[in-house]
1. Residues SER155, SER137, SER121, SER149: which one is surrounded by fewer than 16 Cβ atoms within 10 Å (Cβ to Cβ), of a type in the set (Gly, Ala, Ser), more than 22 Å from the chain's Cα centre (by Cα) and modelled with pLDDT of 90 or more?
2. May I ask you to verify whether VAL197 is within 26 Å of GLY255 (Cα to Cα) and either open to solvent by 10 Å² or more (accessible area, probe 1.4 Å) or without any contact (Cβ under 8 Å) to a residue 40 or more places away in the chain (or both)?
3. I need the full set of residues from the range 169-185 which are open to solvent by 30 Å² or more (accessible area, probe 1.4 Å), of a type in the set (Val, Ile, Thr) and closer than 17 Å to GLN59 by Cα, in order please.
4. So for the range 321-331 (the condition being acidic (Asp, Glu), within 30 Å of HIS254 (Cβ to Cβ) and out of contact with any Ser or Thr (no Cβ under 9 Å at 6 or more places or on another chain)), does at least one residue qualify?
5. Take the conditions part of a loop (DSSP other than H, G, I, E, B), of a type in the set (Gly, Ala, Ser) and open to solvent by 10 Å² or more (accessible area, probe 1.4 Å) and apply them to GLY223. Does it pass?
6. Of the residues HIS188, HIS250, HIS277, HIS215, which is of a type outside the set (Lys, Arg), under 29 Å from LEU135 (Cβ atoms) and open to solvent by 10 Å² or more (accessible area, probe 1.4 Å)?
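The values are calculated or read from the model by the stated rules, or taken from the named source; none is laboratory data. Every value quoted in this text rests on a predicted model; they were computed, and no experiment measured them. Because the Cβ atoms are built from the backbone with ideal geometry, glycine has one as well, and the counts that use them run over all protein chains shown. Remember, those area values only see protein heavy atoms, side chains included, never the ligands or the DNA or RNA. Shrake-Rupley method; radii C 1.70, N 1.55, O 1.52, S 1.80 Å.
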Amino acid sequence: MTERKVSWLELFFDLIFVTAVASTTHLLLSIDNHPDKTAVYFGEYLLMVTPMFWAWVGQTMFFNRFGEKIKLPELYMLPQMFFLILMTASFDLTFSNTYYTFLIGYLGIRIITVIQYFVISRQLRGNPRRVAILLGSVFLLGVITTATSVFFDGSVRYLVMYLGIAIDIVLPLFLSKTLQKVPVDFPHLAERFGLFVIITFGESIVAITTILVGHTLDLYTIGYTLLGFLIISTLFISYFHSFEKIIDHHKKTHGQYLIYGHFFITLSIMLLAANLHLLFEGHLQKDILLFMLFGSVAVFFISKQLVFAAHKKVEVIFYFWKDILLLLLLAGFFFLNLYSDLPLFVSFVSIWICALLDLGLQYQTSKPIRV
């Protein structure tokens, strides 16, 4: 059987999300100018990055299962790209100013995804047809619920809007047994998520590059940037070493562990990217900055391990007690840096030590078992 490759159209689709990821990260940096509203802005950031991620997932999952069967996929994906551009341009912490364009952008993407499911269902038979109709119906319910938010005002409007998005995200979790009957093309899906992770790591590189611009002769800034780069590079190697050596790329699965686990993986990388910049500026309270730094790395470790454990090769053995010890060490470093007057680079070195240990665990886990 010929291995399926990611198409040029899919890569072009991903390119639009490079801008979306950059925009959401830039949005989070606005917290630096409003330290008194950190919790509110962080909540609004999550409310924008979640539908952005889910819009990508929705089209990716459809294309993974049925993309080779649908005629002229460009007619569906290119309009989705425009709606994504509209939604991305509407990322604003003063959400009331851009609510309608954000809503139109999100609904446009999701409605086209729903149409694709119903169109392709007419060409299918048996379980594939049932799955296509089922997913199309679930996502249509979410779209209708989100669209009704226009009839409300104030906070109720946003509650209804995100209730529809929650329906989109949560209901498929209860359909696992049905979805398992039409398993995803796992190698293709894993590659798609791997590419999305590269996009988010790329945004981290952009974050540390902007710090260095105009300060290329300042040794402190160069050292700060170097430590940031070492952290990002080590986490990158850890993820993709496991991606290549630990994951069983021929696994039969509904793909949900990969989907939901990667939401937290990509979110943690985006938070790390923003935090590198915020730490350099140092306008926010120290406890908030350290919590975001160590918290994002902890979420990355946990979600990465759970995703790889769920899709590991049969011969690979995970020793979770080692992961727990690593998290305890990370927590210990967090409290050490929080309740002391150690300079900022110490917290970076602490994170890098934990990243190196995690990388060592991945290499150890992926070693062939000696008989």
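1. Details: SER155 fails: modelled with pLDDT of 90 or more; SER121 fails: surrounded by fewer than 16 Cβ atoms within 10 Å (Cβ to Cβ); SER149 fails: surrounded by fewer than 16 Cβ atoms within 10 Å (Cβ to Cβ).
Within the list SER155, SER137, SER121, SER149, the selection yields SER137.
2. Numbers: within 26 Å of GLY255 (Cα to Cα): yes; either open to solvent by 10 Å² or more (accessible area, probe 1.4 Å) or without any contact (Cβ under 8 Å) to a residue 40 or more places away in the chain (or both): no.
Here the answer is no, as VAL197 does not meet what is asked.
3. ILE169, VAL170
4. yes
5. Values: part of a loop (DSSP other than H, G, I, E, B): no; of a type in the set (Gly, Ala, Ser): yes; open to solvent by 10 Å² or more (accessible area, probe 1.4 Å): yes.
For GLY223, the condition - part of a loop (DSSP other than H, G, I, E, B), of a type in the set (Gly, Ala, Ser) and open to solvent by 10 Å² or more (accessible area, probe 1.4 Å) - is not met.
6. HIS250
To keep it simple, each residue is scored yes or no on (1) over 30 Å from LYS181 (Cβ atoms); (2) in contact (Cβ under 8 Å) with a residue 12 or more places away in the chain; (3) in contact with a strand residue (DSSP E or B) (Cβ under 9 Å, 6 or more places away or on another chain).
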position: ILE211; (1), (2), (3): yes, yes, no
position: GLY228; (1), (2), (3): yes, yes, no
position: PHE236; (1), (2), (3): yes, yes, no
position: ILE246; (1), (2), (3): no, yes, yes
position: GLY255; (1), (2), (3): no, yes, no
position: ASN275; (1), (2), (3): yes, yes, no
position: LEU278; (1), (2), (3): yes, yes, no
position: MET292; (1), (2), (3): yes, yes, no
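So that you can scan it fast, the table gives a plain yes or no per residue for (1) modelled with pLDDT under 85; (2) out of contact with any Pro (no Cβ under 8 Å at 6 or more places or on another chain); (3) within 28 Å of ILE16 (Cβ to Cβ); (4) not basic (Lys, Arg):
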{"position": "ALA207", "(1), (2), (3), (4)": "yes, yes, yes, yes"}
{"position": "ILE211", "(1), (2), (3), (4)": "yes, yes, yes, yes"}
{"position": "LEU219", "(1), (2), (3), (4)": "no, yes, no, yes"}
{"position": "GLY223", "(1), (2), (3), (4)": "no, yes, no, yes"}
{"position": "THR234", "(1), (2), (3), (4)": "no, yes, no, yes"}
{"position": "HIS241", "(1), (2), (3), (4)": "no, yes, no, yes"}
{"position": "ASP248", "(1), (2), (3), (4)": "yes, yes, no, yes"}
